[in-house]
């Protein structure tokens with residue numbers, strides 16, 4: 001089912017809030033016994049850095065690619081409280097915004 005126009009605008013607003021905050025120094029971070037992940041804006045591009053057992057470094061070509069990856073990365077985190085159901089896209093992006101660490 002495709003989101004309607006007001007829902008789409010709300011999702012875009014949440015995404016813009018995330019991007020704006022990150023460009024002002026906010027970031028995402030996870031940690032677990034095998035390592036963790038940092039997601040930041042470097043001043044040139046968005047960067048995902050994994051450390052620990054499976055180190056990796058990914059830069060995103062553009063904002064759209066970054067947002068797709070961010071949504072995929074946090075899918076489990078924003079879905080776990082409603083599993084086996086899935087949250088709406090608005091609820092998912094609201095959850096992602098709450099995970100943002102402000103500078």
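Tell me, 28, 46, 73, 54 in order of fewest to most beta-carbon neighbours within 10 Å? The partial results should precede the final answer.
Numbers: 28 18, 46 22, 73 15, 54 9.
Listed from fewest to most nearby Cβ atoms, that is 54, 73, 28, 46.
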### Query
Among (i) 1.09; (ii) 1.05; (iii) 1.15, which is the computed Cα Rg over 2.2 N^0.38 Å?
(i)
### Query
What's the angle, to the nearest 10 degrees (0 to 90), between helix 89-99's Cα axis and the longest principal axis of the chain?
40 degrees
### Summary
Relative to the chain, whose Cα atoms define the longest principal axis, helix 5-23 and its Cα axis are tilted in degrees, nearest 10, by 20 degrees
### Task
Please give the residues of the range 16-47, grouped as numeric ranges, whose backbone N is less than 13 Å from a label point set 7 Å along the Cα-to-Cβ vector of residue 77.
27-32, 36-40
### Task
Enter the angle in degrees (range 0 to 90, nearest 10) between the Cα long axis of helix 63-73 and the first principal axis of the Cα atoms of the chain, meaning the one along which they spread out most.
90 degrees
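Run the numbers on the chain and let me know its relative contact order in percent, using alpha-carbon pairs under 8 Å that are six or more apart. The partial results should precede the final answer.
On the way: 116 pairs, mean separation 28.5, N = 103.
This gives 28 percent for the chain.
Read-outs throughout are calculated quantities, based only on the coordinates presented, and are distinct from any laboratory measurement. Please read these numbers as outputs of a predicted model, since none were measured by experiment. When we count neighbours, we look across all protein chains shown, and the Cβ atoms used for this are built from the backbone with ideal geometry, even at glycine.
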